[in-house]
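**Q** For reference, the structure I am asking about is given below.
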Amino acid sequence: MLYKTILLYPNQSRPVNRRDFEKVASLLLGMGYTLFTSDSSFATDEIRYLPTHAAYSGCDAVVVLGGDGTMLAAARLARKTGIPLVGINFGTLGYMTELEISECHLLAGLEEASIEERMLLDAAVEGEGVPLQTMTGLNEAAVCRAVPGTLIRLRLFCDGNEVCSYRGDGMIVSTPTGSSAYNLSAGGPIIDPKLNAFCVSPLAPHTLAAMRPMVFSPDSVLTVEIEGDATVAVDSNLFPVLKGKSRLTVKQSEDKVKLLKLKNAGFYEALMKKLT
């Protein structure tokens with residue numbers, strides 16, 4: 001694919017080292033790309049500043065400079081335009097990023113890069129005194145108790161049919177991309193991101209009956225009925241606190257996120273390298 005304009009999207013909360021930013025920019029400028037940045041502090045005569053939403057609709061690809069949180073933010077912005085992303089890790093883990101700063105020379109292969117599409121989920125929340133609100137995520141929708149030391153009651157339905165119920169700390173509904181995030185910490189299975197599926201993992205279920213993580217078809221509509229004070233987070237973005245009885249509905253989004261792959265490393269090789 002031919003790319004002409006590249007957006008440099010740095011971490012918005014943890015400043016990126018200017019020397020490293022300039023290293024990446026210099027490499028891309030030397031390759032003949034027109035560069036934009038969504039951070040005005042990095043703008044120069046050669047790198048024009050564009051407001052974030054305008055940049056995501058006006059460029060051919062995005063080079064994300066940050067960690068997994070920055071990649072999640074970029075994914076939310078890119079999902080409607082279909083603009084592909086490639087991440088350079090400036091964070092701690094950087095599981096979702098393709099490159100380390102020492103590997104930025106591999107951007108020379110941008111034109112030959114393959115594109116991997118990742119499934120997104122749409123989450124909708126409504127409850128007592130809380131109007132219907134929606135959010136889209138790449139990793140997961142997580143229901144958690146809002147008050148430490150308390151339990152919430154959860155009932156899971158798939159396409160209207162009850163699957164299970166329990167009292168506990170919460171529940172995670174993850175995508176394959178998110179299966180190696182919060183879901184992994186909760187004991188859920190790792191799912192190859194080339195698959196489309198939902199994984200549901202309980203959080204500290206208070207029951208003698210074994211509550212196991214479960215995998216559902218991507219075409220399923222999952223509904224979680226909640227009793228008690230709870231919070232719902234989609235990729236760490238919080239809905240308002242829910243009180244009394246409320247409901248979370250999760251389904252596959254019509255949108256996808258496109259990730260540029262510059263290395264031959266497989267999913268499991270990258271997983272073992274990052275998480276061991």
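The values are calculated or read from the model by the stated rules, or taken from the named source; none is laboratory data. This structure is a prediction, so every number in the text was calculated from the model and none was measured. Note: ideal-geometry Cβ built from the backbone for every residue, glycine included; neighbour counts use all protein chains shown. To get the accessible areas, we keep the full protein, side chains included, count just its heavy atoms, and leave off ligands, DNA and RNA. Shrake-Rupley method; radii C 1.70, N 1.55, O 1.52, S 1.80 Å.
**Q** Report the Cα centroid-to-centroid distance between segment 69-110 and segment 206-264 in angstrom, as an integer.
**A** With segment 69-110 and segment 206-264 each reduced to a Cα centre, they are spaced 24 Å.
**Q** Taking θ as phi - 60°, what are the ³J(HN,Hα) couplings along segment 157-169 by the Karplus curve (6.51, -1.76, 1.60), each to the nearest whole Hz, with x for Gly and Pro?
**A** 10, 10, 6, x, 9, 5, 9, 6, 8, 6, 9, x, 7
**Q** Follow-up. Too long at a 29 Å Cα-Cα cut-off: which of LYS23/LYS261; LYS245/LYS274; LYS4/LYS263; LYS194/LYS243; LYS194/LYS245; LYS194/LYS273?
**A** LYS245/LYS274; LYS194/LYS243; LYS194/LYS245
**Q** What are the semi-axes of the equivalent ellipsoid for the chain, taken as the square roots of 5 times the Cα gyration tensor eigenvalues, largest first, in whole Å?
**A** Semi-axes from the Cα gyration tensor: 37, 19, 16 Å.
**Q** Let me ask another. Report, in whole Å, the centroid distance computed from the Cα atoms of segment 140-199 and segment 4-56.
**A** What the calculation gives is 37 Å, centre to centre.
**Q** Could I ask something else about it? Tilt of helix 68-78 relative to the longest C-alpha principal axis of the chain, in degrees (0 to 90, nearest 10)?
**A** Helix 68-78 and the main axis of the chain meet at about 80 degrees.
**Q** Could you work out how far helix 18-30 tilts from the main Cα principal axis of the chain, as a 0 to 90 degree angle to the nearest 10?
**A** Tilt of helix 18-30: around 60 degrees.
**Q** Taking only the Cα atoms of segment 170-276, how large is their convex hull per residue, in Å³?
**A** Taking only Cα atoms, segment 170-276 has a hull volume of 131 Å³ per residue.
**Q** How large, in Å, is segment 66-115 by the Kirkwood hydrodynamic radius built from its alpha-carbon pairs?
**A** Mean inverse Cα-Cα distance, inverted, gives 11.4 Å.
**Q** Let me ask something else about it. Looking only at Cα atoms, what is the convex hull volume of segment 90-139 per residue, in Å³?
**A** Enclosed volume per residue, from the Cα hull, is 121 Å³.
**Q** Given Cα pairs under 8 Å that are at least 6 residues apart, what percent is the relative contact order of segment 154-258?
**A** Here the relative contact order equals 24 percent.
**Q** A further question follows. Mind listing P(r) for segment 30-178? All alpha-carbon pairs, 5 Å bins, whole percents.
**A** Spelled out bin by bin, segment 30-178 gives 2, 7, 13, 17, 17, 12, 9, 8, 6, 5, 2, 1 percent.
**Q** Nearest 5 is fine: what % of DSSP beta bridges in the chain come out antiparallel, could you say?
**A** So the antiparallel bridges in the chain amount to around 75 percent.
**Q** Assuming a ≥ b ≥ c are the square roots of the Cα gyration tensor eigenvalues, decide whether segment 41-89 counts as rounded (a/c under 1.5), prolate (otherwise, with a/b larger than b/c) or oblate.
**A** oblate
**Q** Take each of the peptides 64-74, 184-194, 93-103, average the number of other beta-carbon atoms within 10 Å over its residues, and list them starting from the highest.
**A** Put in order of decreasing packing, that is 64-74, 93-103, 184-194.
**Q** Taking +1 at the Cβ of each Lys and Arg and -1 at the Cβ of each Asp and Glu, which of SER185, GLY67, ALA78 sits farthest along the dipole of the chain towards its positive end, judged by Cα position relative to the Cα centre?
**A** SER185
**Q** Relative contact order (percent) for the chain, with alpha-carbon contacts under 8 angstrom and 6 or more residues of separation?
**A** With pairs under 8 Å counted, the relative contact order is 19 percent.
**Q** Run the numbers on segment 32-97 and let me know its relative contact order in percent, using alpha-carbon pairs under 8 Å that are six or more apart.
**A** 28 percent
**Q** Provide the convex hull volume over Cα atoms per residue for segment 124-191, in Å³.
**A** Per residue, the Cα convex hull of segment 124-191 comes to 122 Å³.
**Q** In terms of solvent-accessible area of protein heavy atoms at a 1.4 angstrom probe, what is the ranking of ARG212, ARG118, ARG153, ARG79, highest value first?
**A** ARG212, ARG153, ARG79, ARG118
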